[in-house]
C-alpha cells in the first residue's frame, strides 16, 4: 500500500517506529512535548530521511502546519491524551485533522473503563487503578488523560465530513510492565501533593495496590480487561 505523506498527529516512541517502517513518501510527526520528541527520535532504528520531520507543536495552535494536507493521518491514542495539553479540544482536533486528510485517517484509542460488579476482581482492580492514577494527578495539580469511546469518535468524524469505513476492537491483557508503569505515575504524583498526610496515605495505598495487582496477574496470567479500538475514516463523498 502506498501511504504517501503520513502525519503522526501525536507521535511517541511506540507510534513513530511503525510510521517510519511504512512504504511512505515521507512522514511528519507532531508532539507537544520536547521530551517526547526526543524519545520518539531515539526509538527509530535508522535516521529519518531528509524530508521526514519531527515537530514540537500543539494542535490548538491554528498556525501549526498551515495549509498542509496528508495522504494518511494517524491519531495514536491522541484523543485520550490531548486533554492534558489542550483541554476540551477533542471535537476541534478531529475537525482540524479531518480537514488535513486526503486519503485515510486512523484513530487508535482505548474504550473507557466501565463500572463493574464487586465480584469481577480483575475489572474492579483495573478500574480502581485508573481512578487512583487520575486522583493522584489531580491532587498534584496535573491534568489526567480522558478516554473517549469508539462510538463517540465515529459520530464526531461523521459530523466533520468523514465516512467511517471500518471499526475494529482488540481485547487487552495487561502485564506487569503496565502495572508498574501506572503505579510509578501514581507514586510520582503522590509525592508532589502539598499535603504531607494525604501524600503518605496515598503512598501506602499505592503499595497495597501493587501487591493486589501482582497477585491478580499471577492468578489470571495478566489482567484480561478492556478493549482498544482502531477506526478508519475517509473524506465523505
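A few comments on the model shown:
- Prolate/oblate/rounded call for the range 192-237, Cα gyration tensor, a/c under 1.5 rounded: oblate
- Taking 170, 125, 178 and counting other C-beta atoms within 10 Å, the order from fewest to most: 170, 178, 125
- With contributions of -39500 (n - 2.57) from each DSSP H run of at least four residues, the per-residue ellipticity at 222 nm computed over the chain stands at -13000 deg cm²/dmol.
- If R0 equals 22 Å, the separation of the Cβ atoms of residue 152 and residue 236 corresponds to a calculated FRET efficiency of about 0.75.
- Taking Cα atoms only, the orientation of helix 196-220 departs from the longest principal axis of the chain by about 80 degrees.
- For residue 131 and residue 60, a Förster radius of 25 Å and the Cβ-Cβ distance give a FRET efficiency of 0.35, rounded to the nearest 0.05.
- Cα long-axis angle, helix 176-191 against the chain (0 to 90 degrees, to the nearest 10): 80
- Prolate/oblate/rounded call for the range 108-167, Cα gyration tensor, a/c under 1.5 rounded: oblate
- Each 5 Å bin from zero up to the one holding the largest Cα-Cα distance in the range 60-111 carries the following percent of pairs: 5, 19, 29, 27, 17, 4, 0.
- Least to most buried among 74, 203 (fewest other Cβ within 10 Å first): 203, 74
- Equivalent ellipsoid semi-axes - Cα gyration tensor, the range 100-213, angstrom: 33, 18, 12
- Taking all Cα-Cα distances within the range 1-126, those exceeding 23 Å account for 35%.
- Projected label distance in nm at residue 68 and residue 212, using a 7 Å step from Cα toward the beta-carbon: 4.5
- 0 to 90° range, to nearest 10: angle between helix 121-139 axis and the chain longest Cα axis: 80
- Sorted by Cβ neighbour density within 10 Å, fewest at the top, the residues 18, 59, 3: 18, 3, 59
- Restricting the calculation to Cα atoms, every distinct pair contributes to the Kirkwood radius of the chain, found to be 19.3 Å.
- For the pair residue 219 and residue 188, a Förster radius of 25 Å applied to the C-beta separation gives a FRET efficiency near 0.35, rounded to the nearest 0.05.
Since every read-out is calculated from the coordinates, none of them should be taken as a lab result. Bear in mind that the values here come from a model prediction, so they are computed numbers and not experimental data. Ideal geometry is used to build each Cβ from the backbone, glycine not excepted, and the neighbour counts take in all protein chains shown.
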